[in-house]
1. Restricting to bridges with both residues inside the chain, how much of the DSSP beta-bridge set is antiparallel, in percent to the nearest 5?
2. Please get the size of the charge dipole for the chain, origin at its Cα centre, with Cβ charges of +1 on Lys and Arg and -1 on Asp and Glu, quoted in debye to the nearest 20.
3. What angle do you read, to the nearest 10 degrees and between 0 and 90, between the alpha-carbon axis of helix 3-23 and the longest principal axis of the chain?
4. Can you list, bin by bin at 10 Å, the percent of alpha carbon pairs in the chain, starting at 0?
5. So which trypsin sites (Lys or Arg not before Pro) in region 72-117 pass both tests, a DSSP loop state and at most 16 other Cβ atoms within 10 Å of the Cβ?
6. Given an 8 Å cut-off on Cα distances and at least 6 residues of separation, report the relative contact order of the chain as a percent.
7. GluC sites (Glu not before Pro) within region 194-265: which are DSSP loop residues with at most 12 other Cβ atoms inside 10 Å?
8. If you take the charge dipole of region 64-192 about its Cα centre, with +1 on Lys and Arg Cβ and -1 on Asp and Glu Cβ, which of Gly93, Val116, Met160 is farthest toward its positive end?
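Quick note: the coordinates plus some simple rules give every number you see, no bench work behind them. None of the values given here were measured: they were computed from a predicted structure. Don't worry about glycine lacking a Cβ; one is built from the backbone with ideal geometry, like all the others, and counts go over all protein chains shown.
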Amino acid sequence: MTVRTTVAAVSVLLAVCAASVAAEPARDGVPVRMLTWNIQMLPTLVAAYSEDLQKMQEERLPWIIEFLSKADYDVVCLQEVLDPILTPQIIDGMKKTYPYIVEPQKEPGVLLSSGVMFAAKFPIKLAAFACYKNAAGDDALASKGCTLVEGEKDGVKFQMAGTHLQAGHHEIRSTQYIEMGERVLRPNRHEGVPQFLMGDFNTGRDGEDRERYAALLKATDMSDAPMDDPVPYSVDNTNSWKRHQENPELIDHVLFNPSGTGSIVKRLKIQRPRHTMDDGRVIDLADHYGVIGETVVKN
């Protein structure tokens, strides 16, 4: 065997080994940085008749897209992506950075979509969607439900569910906890594939919501992680849209079930993106702050 032949053989062997290593997920797990954020993109078609719907949606939309495009998230779960005209603009704007999109689902016969949208830098696909059987007030106009997607990063597969639960009406929201578990999470859960659950739950961890939060975790078989932020709230009166908020709350969450894999949410943080207007006013990009989940996924 000549020197040239030997070098060529070694090169081929190294390439095969490198490809094998690349195909194998890291033993210590793969980091996935997740964001859940209610972006307050309410319907604008009838905004002229209701101040509650006049939230500068058209102005805020490009600022939100620009912010997310510059951020270093792997996957983003947005809520209140409800405006039928602005939703395609959000999708088109996000695709440049997050090419894999699962659009808000819509139940036949319901006026608006669920408002829950996933955008990722790695492949994701819709696995399941269930529209909640009970809703009240304005929530009944939307296809409020639970959207489950499956994704894979660096050879590790996992599932992520997103939701936006009923505002007020504690009894109805409690039935939605149960529906998430019985209709979406448990039927699609597989040993060795971790599941994450995120969104706007309209349920705090403490105070009057303590028992409801415990019921949420039990109904979905989920665990939470410590909030590593000096001001651990997703809604408070420092937000320009919530000046009259009496009590600060953490009602947006990233929860998880490792499904026997050792996957974890290492820590949670609050995202507070703002924009300075031409007149010097500073506004928040939405009435909720985002919650960042720094996770490690394993199979």
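1. Beta bridges within the chain, antiparallel portion: roughly 75 percent.
2. The dipole magnitude comes to about 1120 debye.
3. Approximately 30 degrees, to the nearest ten.
4. 6, 27, 34, 20, 6, 4, 2, 1, 0
5. Here the sparse-neighbourhood loop sites are Lys95, Lys96.
6. Averaging sequence separation for qualifying contacts and normalising by length gives 19 percent for the chain.
7. Those satisfying the criteria are Glu246.
8. My answer, from the dipole projection, is Met160.
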